[in-house]
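Have a look at the structure below before the remarks.
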Amino acid sequence: MASLEEFRAYRSPLKDFYTGKSVLLTGGSGFLGKLLIEKLVKCDVAEILLILRHKKGVSPADRLEQLLDKEPVFVNYAKNPQLYLAKIRVIEGDISEIGIGMANDDLAYVYEHTNIIVHAAADVRFDESLKESVQTNVRGTQEMLMIAEKCRKLEIFTYISTAFSHCVLKQIDETFYEPPIDPSLLIKVSEKATDADDFEMLSKKIIEPWPNTYAFTKSLSEEIVRRYQEKLPIAIIRPSIITTTKEDPIAGWTDNLYGFNGVVCGAATGVLRIFHIHMDYKASIVPADTVINSTLAITWYAATHPGQEHVFNCTTDDNPVSWRETQSQLEQWKDRIAFDKSLWITTYNTTRYKLVADVLAIFYHLLPALLFDAVLKLRGQRPRVLKLYQKVHRFSAVLRFFTNNEWRFRNGRMRAVLDALAADDQRFFPCDPKAIVWNDFLDDQIKGLRLYLMRDPWSTLEWTMPRHRRRTLAHRCLLVLLYGVLFCLIVKILHFYGLLNFEGLHEISVDEVETQAA
């Protein structure tokens, strides 16, 4: 990627739009938020108003410094901390609270100075309770819009949604859709619900046919945004399955195990040994930096093209890749960069049939887990592998809907944004999915997951590769033993029922041959 000096030197309407602006950002401590901070600092914005809450006894200001110091995605922080600290103004707040939990002085500052709002905060857990998801994803979005309404210098409010907010459809256009329920009503119901268990039992009926609370509440939050489009300049971006970065600011970076990242890491560490997936379906994955640069391009475009409906799908339908193709490329690395924190050798066993996956999980997950835990007990250690597989199965269950269905995402509006970019913008804000070379990206992804997510430096290959070869040999010997025992068992069963006869297979002597000849 281009250096900071090169980035600052180049000019275009997109780049110049951000120079000197005050940007209010939610979700700055999250995956996309960190990438947005890095890019906005590069864009030389006047300031980033970063909403952060207290977490585990750590103040928002301390959280910011820990964040900047920890993550390699802040590529210039080590040599120039002030580049970031001088641009970021921390505002204490919580997206799940009424009024975002902001103090009056902070609110007054936001109202007076904010030019751009990027609302990236969300509860992205698929298995979160409906009450929590509504409070964060729906009510939190409404609270942010109420704040935006009072910002005197606001040029644009951009909301990062998800392409699967309307996953009950097979074709998703770049437009608003009728919500399944009035979001304002559900907010009130969730606030008044006193019995959490009863409300969650009811929630299973409420969200049908949506597969999880995340996708469901995102569809409701889009309706909240739609209701403000007559009052505010707004834009919605809907990314599909977000994975690691492609190149900006570094290749292969991520900070979470959600979605496709979790599947790849699970297989690479030998934990996920069978997965329910339709391999010939399109994998709707998109690099994280494609999403970030698209967000910034859409924000500029929507602000400079008022009076239009600004809903954009950020997907790779123009340059699709199948799940089978991703597996084929990732498998090439299984004997080359063995992970240190691995349970066994890398495996990529898949099936499109749920029943087969559930049965094989007994042999590939449950029985090995019991064996590993028995060994740990004999060593005087706490058994933990079976508990790990309980989490793996919950993770697999929530992903099944997305790995065994296929969608068509229309992206005409997104293409219009890409066509409006200046010649150099695709170098400094790379966001055209047609430019993705999937094999190169997937190579960087598996290496990045090992390095950045598993915190596994390349120096560990010195012992992980010999261990991997020993495990591979042990794995093959175990397979030979198991298949041998299975073969003998089948032969004995067939022989017992008279389906296989061994008579006449003994060695015939010379005398017997002469007798038979006579």
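The values are calculated or read from the model by the stated rules, or taken from the named source; none is laboratory data. Not measured: the values here are computed from a predicted model. Glycine also receives a Cβ, built like all others from the backbone with ideal geometry; neighbour counts cover every protein chain displayed. Keep in mind that these areas ignore ligands, DNA and RNA; they rest on the heavy atoms of the full protein, side chains included. Shrake-Rupley method; radii C 1.70, N 1.55, O 1.52, S 1.80 Å.
Values computed for the structure shown
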quantity: Local electrostatic count at Lys377 - Lys and Arg +1, Asp and Glu -1, tallied over other residues with Cβ under 15 Å; calculated: +3
quantity: Distance (nanometres) between label positions extended 7 Å along Cα→Cβ at Ala78 and Trp458; calculated: 1.4
quantity: Calculated FRET efficiency for the pair Arg352/Lys231, C-beta based, R₀ 51 Å, to 0.05; calculated: 0.60
quantity: Dipole of the chain, positive direction: furthest Cα of Tyr77, Ile100, Leu355, with charges on the beta-carbon; calculated: Tyr77
quantity: Degrees separating the helix 288-304 axis from the principal Cα axis of the chain, which is the longest one; calculated: 30
quantity: Spherically averaged projected area in nm², based on the convex hull that wraps the Cα atoms of region 218-269; calculated: 5.3
quantity: Among Phe260, Leu202, Ile241 - extreme Cα towards positive end, dipole of region 194-268, charges at beta-carbon; calculated: Ile241
quantity: Over region 218-328: Kirkwood hydrodynamic radius from C-alpha pairwise inverse distances, Å; calculated: 16.1
quantity: By accessible area with a 1.4 Å probe, ligands and nucleic acids excluded, highest first: order of Leu371, Leu494, Leu399; calculated: Leu371, Leu494, Leu399
quantity: Debye log10 I(q)/I(0) for region 188-232, one point scatterer per Cα, at q = 0.26, 0.27, 0.30 Å⁻¹; calculated: -0.97, -0.99, -1.06
quantity: Sequence-separation-based contact order of the chain, relative, with Cα cut under 8 Å and 6+ spacing, percent; calculated: 16
quantity: Accessible-area ranking of His54, His365, largest first, probe 1.4 Å; calculated: His54, His365
quantity: Stretchable slack from Leu367 to Arg11, in nm (0.36 nm times residue separation minus alpha-carbon distance); calculated: 122.1 nm
quantity: DSSP-assigned coil residues among GluC sites (Glu not before Pro) in region 143-217, each with at most 14 further Cβ atoms within 10 Å; calculated: Glu149
quantity: Estimated dipole of the chain in Debye, rounded to 20 [Cβ of Lys and Arg +1, of Asp and Glu -1, Cα centre]; calculated: 840
quantity: Calculated P(r) tail over 16 Å for region 1-111, as whole % of Cα pairs; calculated: 60
quantity: For the chain, calculated [θ]222 nm from helices alone, where every DSSP H run of n ≥ 4 adds -39500 (n - 2.57); calculated: -14000 deg cm²/dmol
quantity: Where N is the number of residues in region 80-194, Cα Rg divided by 2.2 N^0.38 Å; calculated: 1.23
quantity: Accessible area, probe 1.4 Å, largest first, for residues Tyr497, Tyr301, Tyr84; calculated: Tyr497, Tyr301, Tyr84
quantity: Qualifying GluC sites (Glu not before Pro) in region 255-343, DSSP loop, other Cβ atoms within 10 Å at most 15; calculated: Glu309
quantity: Kirkwood hydrodynamic radius of the chain, from inverse mean 1/r over distinct Cα pairs, in Å; calculated: 25.5
quantity: Cα shape, region 128-186, gyration tensor, a/c 1.5 rule; calculated: oblate
quantity: Solvent-free Debye scattering, log10 I(q)/I(0), computed from the Cα coordinates of region 55-132 at q = 0.12, 0.18, 0.25, 0.26 Å⁻¹; calculated: -0.49, -1.03, -1.31, -1.31
quantity: Percent antiparallel among DSSP beta bridges (both partners in the chain, rounded to 5); calculated: 5
quantity: Kirkwood hydrodynamic radius of region 293-374, from inverse mean 1/r over distinct Cα pairs, in Å; calculated: 17.7
quantity: Within straight-line cross-link reach of Lys341, lysines at Cα separation under 16 Å, skipping those fewer than 8 residues along the same chain; calculated: Lys447
quantity: Residues whose placed amide H lies under 5 Å from that of Ala422, excluding near-sequence neighbours; calculated: Leu14
quantity: Potential extension, Thr194-Ser59 segment - 0.36 nm per residue separation minus Cα distance; calculated: 45.6 nm
